1. So how much slack lies between Ala66 and Ala35, counting 0.36 nm per residue of separation and subtracting their Cα-Cα distance, in nm?
2. What list do you get for Glu119, Glu12 if you sort them by fewest beta carbons within 10 Å?
3. Which of the following values of Rg/Rh (Cα atoms, Kirkwood Rh) was calculated from the structure shown: (i) 1.15; (ii) 0.99; (iii) 1.02?
4. If you add up the charges near Trp34, with Lys and Arg at +1 and Asp and Glu at -1, over every other residue whose beta carbon is less than 10 angstrom from its beta carbon, what do you get?
5. Using +1 at the C-beta of Lys and Arg and -1 at the C-beta of Asp and Glu, which of Leu41, Leu60, Gly24 has the Cα lying farthest in the positive direction of the dipole of the chain?
6. Using only Cα atoms, find the angle between the long axis of helix 86-102 and the longest principal axis of the chain, and express it within 0 to 90 degrees, rounded to the nearest 10.
7. With labels modelled as points extended 7 Å from the Cα through the Cβ direction, what inter-label distance (nm, one decimal) is found for Ala81 paired with Arg3?
8. Would you mind ranking Thr120, Thr37 so that the residue whose beta carbon has the fewest other beta carbons within 10 Å leads the list?
Amino acid sequence: MTRNYELSVNAEFCAAHRLDGYPGNCRNTHVHNWAVTVFVLCTELNPLGMGLDFRDIKALVKEALADLDHAFLNDLAPFAAENPTAENLARHLYQELSRLLAGRADAAAARVSRVHVAETPGAGVTYWEGP
């Protein structure tokens, strides 16, 4: 039997964007206080009984958000060819956090399972990869 532990941490960042080609008001530059929840799946616990230290996950999230915070998202390289929608932000963060987590020796039995990004308290998207 595989034991799964899904850890989660929450973070926020503030950034502006516009949606080119959008027929409504979001075609204009506007700002969101984005809320992010990152989920990490662990299948093993360390000798202390933790999959990963929450502090370490928070540090990875902080690193992934550093270039996004207080930025105009349309000007950033990840969004040069696509609108910085909540969907594209969630995928970008999933991939960036997966890359950062893969570089940690203590995370062999851990992977990013999903990332939730909300541009308002009532509207968000969850991204994950796999079956």
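1. 9.8 nm
2. So the ranking, lowest neighbour count to highest, is Glu12, Glu119.
3. (iii)
4. On the way: positive: none; negative: Glu12, Asp69, Glu119.
Surrounding charge for Trp34 is -3.
5. Leu41
6. Around 30 degrees separate the two axes.
7. My value for the distance between the label points is 4.4 nm.
8. Thr120, Thr37
All of the numbers you see were taken from the coordinates with simple rules; none came from a lab. Predicted model, so just to flag it, every value in this text is computed and none were measured. Positions of Cβ are backbone-derived with ideal geometry, glycine not excepted, and every protein chain shown enters the neighbour counts.
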